[in-house]
1. Quick one: net charge of Ser38's neighbours, Cβ under 12 Å, K/R +1, D/E -1?
2. Quickly rank 21-27, 3-9 as a protection proxy: mean count of other C-beta atoms within 10 Å, highest first.
3. Could you tell me the largest-minus-smallest coordinate of the C-alpha atoms of segment 2-53 on each of the three principal axes, in descending order and whole angstroms?
Amino acid sequence: MMTIHNEDKWNDMYGRGRMYIALQLKRQAGEPTVHIPSESTVRKVMEQVGLIHKPNRKPNGITKADREARKSYDLLKRDFSADKPLKRL
């Protein structure tokens, strides 16, 4: 895993899924690698080696508008009854 991590500067972004695929490709290419049965094993090993890190989460509430600003003027004053058909349309 460390050789895959050190091959390119962008490989530090590899998560457990991508690292698992990279290990499978290395094994198919004939390079000597250790057999890893599943992605969860890759995750455990990456945590032990220190390659896995929690992403910086961005708050989801930064685009919410003010509730008072969203209110619009009620032209019908919530009265949906009409004397004749299609009068208030």
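1. On the way: positive: Arg16, Arg43, Lys44; negative: Glu39.
Summing Lys/Arg as +1 and Asp/Glu as -1 gives +2.
2. 21-27, 3-9
3. 29, 24, 15
Computed from the coordinates by the stated procedures, all read-outs in this text should not be read as laboratory data. Remember, predicted model here, so these are calculated numbers, not experimental data. Glycine gets a Cβ as well: all are built from the backbone with ideal geometry, and neighbour counts include every protein chain shown.
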